[in-house]
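Bear in mind these aren't lab numbers, they're just calculated from the coordinates by the rules spelled out. Predicted model only: the values in this text are computed from it and were never measured. Positions of Cβ are generated from backbone atoms using ideal geometry, with glycine treated the same way; all protein chains shown enter the neighbour counts.
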Amino acid sequence: MLDLVAGPSPTPTLEPLRGHVTRHRLTAGAWVDVLPGWLHGSDEVFDTLLGIDWRADRRQMYDNVVDVPRLLRWFGGDETLPHPALEAAKAALSSYYAEELGEAFVTAGMCLYRDGRDSVAWHGDTIGRSARHDTMVAILSLGSPRFLSLRPRAGGHETLRFPQGHGDLIVMGGSCQRTWEHAILKTAKPVGPRISVQFRPINVA
C-alpha cells in the first residue's frame with residue numbers, strides 16, 4: 001500500500017483580470033464585477049491573515065453599546081500588507097481599473113467573520129467621497145464561502161446574492177455605494193471563518 005504524502009501548498013498567484021472578469025449591470029448606474037478563483041493558492045494568505053492583530057470593536061446602538069459582530073483590521077496606504085500576494089492584488093486592481101477609476105486603490109480594510117453568527121448589516125460605503133461620487137470597492141474573499149447580498153436603496157428589485165468563496169473577487173463600482181446596499185447576513189448553517197479584504201481608493205470608507 002502506498003503512503004500518500006501531501007506536497008507543499010501552491011504559491012499564491014493571481015488570475016489575469018483582463019478577459020476573465022464578468023460585469024453585472026445593476027440599476028441607477030451601479031455595476032458589479034465578479035471573478036471566482038482570482039487568487040490561486042490562497043490557503044497561505046488566509047493562514048497568514050488569521051494571525052494578524054485583529055481588533056474587536058464596539059458601537060452605539062440605540063441606548064446600548066454592543067460588540068461589532070466581526071473582527072477588524074484597517075491598513076492605511078503607508079502600511080505594508082501582511083502578505084505579498086495582497087500587495088500584488090492591490091497593484092493589479094489599480095492597473096486594471098486605472099482608466100475607469102482614475103486613481104489607485106490605496107487602503108485595505110479587513111474583516112474576520114469567525115462563524116455564521118458574525119455579519120455586517122445592510123449599508124453602503126458612503127463615508128468620504130463615495131457619498132457624493134462614483135467610486136469602487138474591491139473585495140477579495142478568503143476562507144469559508146459566504147454570500148454578499150445586494151439590494152437597491154430605492155427598493156423595487158429583488159435582493160441579489162453573490163457567492164464569495166476562497167480566493168474570489170467582487171468589485172462594486174459606478175453608483176453602487178450610493179444607490180445600492182450590501183451585507184453579509186447571519187446564517188444558521190455551520191460555516192468556518194471567512195476573511196474579507198476590501199481595497200479602496202483614498203478617502204473612501
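Quick notes
- Counting Lys and Arg as +1 and Asp and Glu as -1 over every other residue whose Cβ lies under 15 Å from the Cβ of Ser95, the net charge comes to -4.
- When every Cα-Cα distance of the chain is counted in 5 angstrom steps from zero, the calculated P(r) takes the values 1, 7, 15, 19, 21, 18, 10, 5, 2, 1, 1, 0, 0, 0 percent.
- Net +/- balance of residues flanking Phe162 in space, Cβ distance below 15 Å, scoring K and R +1, D and E -1: +2
- Modelled spin labels at Ile202 and Glu99, positioned 7 Å past Cα toward Cβ, are 2.5 nm from each other.
- Each label was represented as a point 7 Å from its Cα along the Cα-to-Cβ direction; for Asp78 and Leu50 these points are 3.3 nm apart.
- Estimated from helical segments only, the mean residue ellipticity of the chain at 222 nm is -3500 deg cm²/dmol, where each DSSP H run of four or more residues counts as -39500 (n - 2.57).
- Listed values for the range 118-124 are Karplus-derived 3J(HN,Hα) couplings in whole Hz (6.51 cos²θ - 1.76 cosθ + 1.60, θ = phi - 60°), namely 7, 7, 9, 6, 4, 6, x, and x replaces Gly and Pro.
- Among residues other than Trp54 with Cβ under 12 Å from its Cβ, the summed charge is +1 (Lys and Arg +1, Asp and Glu -1).
- Under a 5 Å amide H cut-off, with hydrogens placed 1.01 Å from N, Ala30 pairs with Ser175 among residues at least 5 apart or on other chains.
- In nm, spacing of pseudo-spin labels at Arg18 and Ala131 (7 Å Cα→C-beta vector): 3.8
- Given 16 as the ceiling on other Cβ atoms within 10 Å, longest exposed-site-free region of the chain for GluC sites (Glu not before Pro) in DSSP loops: 1-78
- Rounded Å value of the spacing that divides the Cα centres of the range 5-58 and the range 112-135: 17
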